[in-house]
Amino acid sequence: MFYKKELLENMSQGARLKFIRVIENLELDDVAKYMGYSSNKSIREWENNSKSPDATILKRLAEIYGVSIDAIKKYDFVDPIDEIYYPMWLEEQYPYYQFQLPDRFKCSAYNLNVQNGINEWLKMGEKRENYEITD
């Protein structure tokens, strides 16, 4: 049995929603049923970026997909977490993407914790490159 990794079309919210749904092996109708909708029209509109789910819906989608809301929200890059999730998504698509945190996030205690998390992430990348772990 072979597993073909789904490709992320782009970094839009809709593409990320579709990517996660497919990875979780869920059909549009499965998500619609879980959300209590009679059709999958809304889910299709979110995935096509013609509409965007509100905060309440995002929370429910995060639950069904088993991800953080930060992974599926629209990025405005005002919140430093957006600066982190964006390259993580790039690394998801391109496993050898060179992940670097912008210098402006290296000052505060909060950012130090973020930097420590990033360093752990980078160590995992090194382990993958050394075949100690797999993708």
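Which ones in the range 7-39 are assigned to a helix (DSSP H, G or I) and aromatic (F, W, Y)? Working first, answer last.
Filtering the range 7-39 down to residues assigned to a helix (DSSP H, G or I) leaves 13-23, 28-35.
F19, Y34 - these are the residues of the range 7-39 that are assigned to a helix (DSSP H, G or I) and aromatic (F, W, Y).
What is the residue count in the range 1-22 for residues that are more than 13 Å from I72 (Cβ to Cβ) and at pLDDT 85 or above?
Going through the range 1-22, the residues more than 13 Å from I72 (Cβ to Cβ) turn out to be 1-7, 9-10, 22.
Next cut, at pLDDT 85 or above only: 10, 22.
Within the range 1-22, residues that are more than 13 Å from I72 (Cβ to Cβ) and at pLDDT 85 or above number 2.
The values are calculated or read from the model by the stated rules, or taken from the named source; none is laboratory data. Small disclaimer: the values here were computed from a predicted structure and weren't measured. Every residue, glycine as well, gets a Cβ built from its backbone with ideal geometry; the counts of neighbours run over all protein chains shown.
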